[in-house]
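The values are calculated or read from the model by the stated rules, or taken from the named source; none is laboratory data. Everything numeric here is computed off the predicted structure, so don't read it as measured data. For neighbour counting, all protein chains shown are included, and Cβ atoms are generated from backbone atoms with ideal geometry for every residue, glycine included.
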Amino acid sequence: MAHVPANWNQHGLASWYGTGRQNGHATASGEQFDPDALTAAHTQLPLGTRVRVHAVSTGRSVVVRVNDRGPYRGHRIIDLSPEAARQLGIMGRGVSTVEIEPAREADEEVASATR
């Protein structure tokens with residue numbers, strides 16, 4: 001698993017993607033796109049990196065794994081899978097302000113227990 005510095009964070013716009021993508025379409029990591037997985041696309045973070053995404057408007061957060069590249073439209077910083085957007089409560093918004101930070105060790109333990 002890839003890591004980013006503990007003090008790294010990013011604040012900006014997130015969107016979700018999957019419309020027009022067939023379930024099983026190849027992502028940048030080579031794995032198949034799964035709209036039900038907690039994954040995301042980021043332009044710079046290493047593939048495999050797990051980050052916590054916090055939706056400012058809803059107060060919810062979710063840990064996602066970066067497995068694709070993007071977003072390439074507007075000033076967005078991350079594209080989320082439909083399931084990640086649903087859990088954050090931002091599906092109907094199109095774009096939403098988020099804060100991204102590295103997943104903590106406790107987040108990783110929860111993710112491992114739910115696989």
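Quickly run through the range 50-69 and pick out the residues that are in contact (Cβ under 8 Å) with a residue 24 or more places away in the chain, over 10 Å from the mean Cα position of the chain (by Cα) and more than 12 Å from ALA84 (Cα to Cα).
VAL56, SER57, THR58, ARG69
Matching residues to (1) part of a loop (DSSP other than H, G, I, E, B); (2) at pLDDT 90 or above; (3) aliphatic (A, V, I, L, M):
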residue: ALA2; (1), (2), (3): yes, no, yes
residue: PRO5; (1), (2), (3): yes, no, no
residue: TRP8; (1), (2), (3): yes, yes, no
residue: LEU13; (1), (2), (3): no, yes, yes
residue: GLY20; (1), (2), (3): yes, no, no
residue: SER29; (1), (2), (3): yes, yes, no
residue: PRO35; (1), (2), (3): yes, yes, no
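Can you give me the number of residues within the range 48-63 that are over 13 Å from VAL98 (Cα atoms) and surrounded by fewer than 17 Cβ atoms within 10 Å (Cβ to Cβ)? Spell out how you get there, then give the answer.
Kept after step one, since they are over 13 Å from VAL98 (Cα atoms), are these residues of the range 48-63: 48-50.
Add one more test, that the residue is surrounded by fewer than 17 Cβ atoms within 10 Å (Cβ to Cβ), and what stays is 48.
So the answer is 1.
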